[in-house]
Amino acid sequence: MASRPRTLYEKIWDAHVVETRDDGTALIYIDRHLVHEVTSPQAFEALKVAGRPVRRPELTLAVPDHNLPTTARVDAGGTPVTIADPESAAQLAALEANAPAYGIRYIPATAKEQGIVHVVGPEQGFSLPGTTIVCGDSHTACHGGLGALAFGIGTSEVEHVLATQTLLLQQSRPMEVRVDGDLGPGVSAKDLILHIIGEIGAAGGSGYVIEYRGAVFAAMSVEERLTVCNMSIEAGARAGIIAPDDTTFAYLKGRPMAPSGADWDAAVAYWRTLHTDDGAAFAKSVVIDAANIEPSVTWGTSPEDVVPIGGRVPSPQDFADESKQVAAQKSLDYMGLIPGTPMTAIAIENVFIGSCTNSRIEDLRAAAAVLKGRRKADTVRWAIVVPGSGLVKAQAEEEGLDKVFTAAGFEWREPGCSACLGMNPDKVPPGERCASTSNRNFVGRQGPGARTHLVSPAMAAAAAVTGRLADVRELV
Amino acid sequence: MQPLTRVEGRAIPLGLKNVDTDIIIPAKWLKTISREGLGRGAFETIRSEPGNIFDDPAYTGANILIAGDNFGCGSSREHAAWALGDLGLRVVIAPSFSDIFSGNAVKNGILPVVLPQEAVDRLLEVARAGEPITVDLEDQTVTTTYQDRFTFDLDPFRRHCLLNGLDEVGLTMARGEAIGGFEADRTAAQPWLMRGTAA
Ligand code: SF4
């Protein structure tokens, strides 16, 4: 085995094979499991009914995020506020009861460590390079930014992991997305990943695990890498991964659940072996030149519907494939857009800065840098910032970013998924447009009839200031 | 889980590409702690349009759905599979599926059938004509009353589980010793990996 050059994905896979069945399905060990309130109740219920224990409770971390309101969690007297919506309250209560019943560490809604699972895992040092990480949420791919093999699973698989600490999987094929050169000023990790999805398509990574390689990713911070890997699923890939390096190690050192002392040295020595060998083969390879990338925005209802901010709304006839023409027409109808309209002429009424894609401290800094000394346009009805975790929120407040946002007319909220999926009260009204830093522009994603344009944090800030989709490079 | 060997019946010719799981079941329906009753929210946006395909009496009682590329993309919500099951669907035929969705489907006794676009187009015509379609998992074929015959692949383990209605969790728990051996080796070689939240 040692003689054959392997990709990073293959190395991590090989290190987790418990056994391989005759039919090629492998039993893969899962190192880290994140659990939230929406996709876990039925899994715990099934365990209870079958009388099955949780095999390794210390390898699972539970935190509520998806449907928590982002308004104050404790009242003036310090008492926790109950959730008004009875169904959301029941889901939260189920997680609050299930986690301790099975000996699983639980971060309560009122703790400062609470946040979106994909922000909390890296932040706590629970997510580590070379580990297999799963969660009942498709954006688990996010943790690939630390060099982990991380992917979303369904509720039956949540149950499978709780009971056995493994999953039965077929190996995906390794795919390479290489980006060399430098990103231009005002072009962020979000613009890059949107551009990549636009190039390869929403199913372009289907059946693959993508490794992002090249100078652009090597130069990125961990936060930026998390943003890139997060959206791998929007290209259809099972996971996205970036080889861990000194930037990764510096990020993890000293985090509460990261190894320490002699364990740290052993861990780093192991992590340094986690890279694709020279001569290893990828099943598919895509090469993109960073210099060609502009700030990106979406016009339609699939994350592949990407154009540069200087571009125009396409016409269905622009697409060669007939089913894409039909889809484009449907998207245009839903989005209420006319082909040929410059993207910068599209007025927006809502701005959402948040989600596991873009709610870390660097994202908030980037948005605040644009907003400093400015105010949202009067036509922007609703603008909110939802930090990814309580720790991000505290850090931002220490830097005074909250003041910048509120002075600009934004609401400063408590952490959670919020308007990324509109399960809690944070929704975009029907027919209105939202410049959103989240990851999905699907029909009805941010609320029934809501029209989403995916953008970077800086571009969301630029949209807030101008009241339309705007090129942030003209504002700085 | 209910075993699935052969499904014969009418098919709903949806045909749409990139049907994401938000379309199959919008987020507001995820606020449940049960697997039951999600059919009420299935395809809610599409079903709010008058004359939509799901309300068309021609397809009442259909147990097969035919869709375009990349079916089930997006959110990992297993509620999508539960909702389809609650609608009475046992088979989805499409040129491609998202990985997560097809796994969820199989675990809930729903068969994802991958066929080339031309075959799917042909089956859409048959379905629109109101003719039944037969999907046979033993033979791995899809046949029609017009003598069409298409063969499909399914990974052998998934096929085995579906044919026999097997519960994967129970199957894997029987491999507890192998898992324990892996954990023991790991604990000896890389103890920090096994500490998790206890670090
Ligand atoms: S922020 Fe959005 S994408 Fe991320 S975990 Fe929450 S719901 Fe999923």
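The values are calculated or read from the model by the stated rules, or taken from the named source; none is laboratory data. Worth saying up front: this structure is predicted, and the values here are computed from it rather than measured. Note: ideal-geometry Cβ built from the backbone for every residue, glycine included; neighbour counts use all protein chains shown. Quick note on the areas: whole protein, heavy atoms, side chains included, nothing else; ligands and nucleic acids left out. Shrake-Rupley method; radii C 1.70, N 1.55, O 1.52, S 1.80 Å.
Assorted remarks:
- Residue selected from the stretch A:69-90 under the condition within 12 Å of another protein chain (Cβ to nearest Cβ) and farther than 27 Å from residue A:163 by Cβ, by the criterion surrounded by the most Cβ atoms within 10 Å (Cβ to Cβ): A:83
- Every residue from the stretch A:119-175 that is more than 10 Å from chain B (Cβ to nearest Cβ) and free of Cβ contacts under 8 Å to residues at least 60 places away in the same chain: none
- All told, residue B:69 meets the bar of being under 22 Å from residue B:117 (Cα atoms) and more than 12 Å from the chain's Cα centre (by Cα).
- Verdict on residue A:10 being outside any loop (DSSP other than H, G, I, E, B) and open to solvent by 40 Å² or more (accessible area, probe 1.4 Å): no
- Set side by side, the residues A:359, A:331, A:355 differ, and just one is away from the ligand (no atom under 16 Å from the Cβ) and either within 30 Å of residue A:70 (Cβ to Cβ) or open to solvent by less than 10 Å² (accessible area, probe 1.4 Å) (or both), which is A:331.
- Lone unmet requirement of (1) more than 9 Å from chain B (Cβ to nearest Cβ); (2) in contact with a strand residue (DSSP E or B) (Cβ under 7 Å, 6 or more places away or on another chain); (3) open to solvent by 40 Å² or more (accessible area, probe 1.4 Å); (4) not basic (Lys, Arg) for residue A:26: (3)
- A count restricted to the stretch A:91-126 and to residues that are touching a helix residue (DSSP H, G or I) at 6+ places or on another chain (Cβ under 9 Å), assigned to a helix (DSSP H, G or I) and open to solvent by 40 Å² or more (accessible area, probe 1.4 Å) stands at 2.
- Counted residues, the stretch B:1-35 - those being out of contact with any helix residue (DSSP H, G or I) (no Cβ under 7 Å at 6 or more places or on another chain) and open to solvent by 70 Å² or more (accessible area, probe 1.4 Å): 5
- In this entry, residue A:202 is excluded by the filter for residues that are within 16 Å of the ligand (Cβ to nearest atom), crowded, with 23+ Cβ neighbours inside 10 Å and at pLDDT 95 or above.
- Picking from residues in the stretch A:91-118 that are more than 13 Å from chain B (Cβ to nearest Cβ), more than 16 Å from the ligand (Cβ to nearest atom) and among the hydrophobic types (A, V, I, L, M, F, W, C), the one that is nearest to the chain's Cα centre (by Cα) is A:111.
- Search result, residues across the stretch A:224-240 that are within 12 Å of the ligand (Cβ to nearest atom) and open to solvent by less than 10 Å² (accessible area, probe 1.4 Å): A:226, A:227, A:230, A:231, A:234
- Test result for residue A:348, among the aliphatic types (A, V, I, L, M), within 16 Å of the ligand (Cβ to nearest atom) and surrounded by 24 or more Cβ atoms within 10 Å (Cβ to Cβ): no
- Taking the stretch B:102-165 and the strands (runs of 3 or more DSSP E) fully enclosed by it, the elements with 1 or more residues that are closer than 26 Å to residue A:20 by Cβ and not hydroxyl-bearing (Ser, Thr, Tyr) are at B:111-114.
- Test: residue in the stretch A:394-411 that is within 16 Å of the ligand (Cβ to nearest atom), in the same structural domain as residue A:345 (by TED's automatic domain parsing) and either open to solvent by less than 10 Å² (accessible area, probe 1.4 Å) or touching a residue at least 24 places away in the same chain (Cβ under 8 Å) (or both): no
- Subset of the stretch B:166-199 that is assigned to a loop (DSSP other than H, G, I, E, B) and of a type in the set (A, V, I, L, M, F, W, C) - its residue that is nearest to the other protein chains (Cβ to nearest Cβ): B:199
- Any hit, the stretch A:43-65, residues being open to solvent by 30 Å² or more (accessible area, probe 1.4 Å), among the β-branched types (Val, Ile, Thr) and over 28 Å from the mean Cα position of the chain (by Cα): yes
- Of the residues making up the stretch B:98-109, none is touching a helix residue (DSSP H, G or I) at 6+ places or on another chain (Cβ under 7 Å) and farther than 26 Å from residue A:54 by Cα.
- Of all residues in the stretch A:420-454 being among the aliphatic types (A, V, I, L, M) and modelled with pLDDT under 95, the one that is nearest to the ligand (Cβ to nearest atom): A:421
- None of A:257, A:220 is crowded, with 17+ Cβ neighbours inside 10 Å, more than 10 Å from chain B (Cβ to nearest Cβ) and assigned to a loop (DSSP other than H, G, I, E, B) except A:220.
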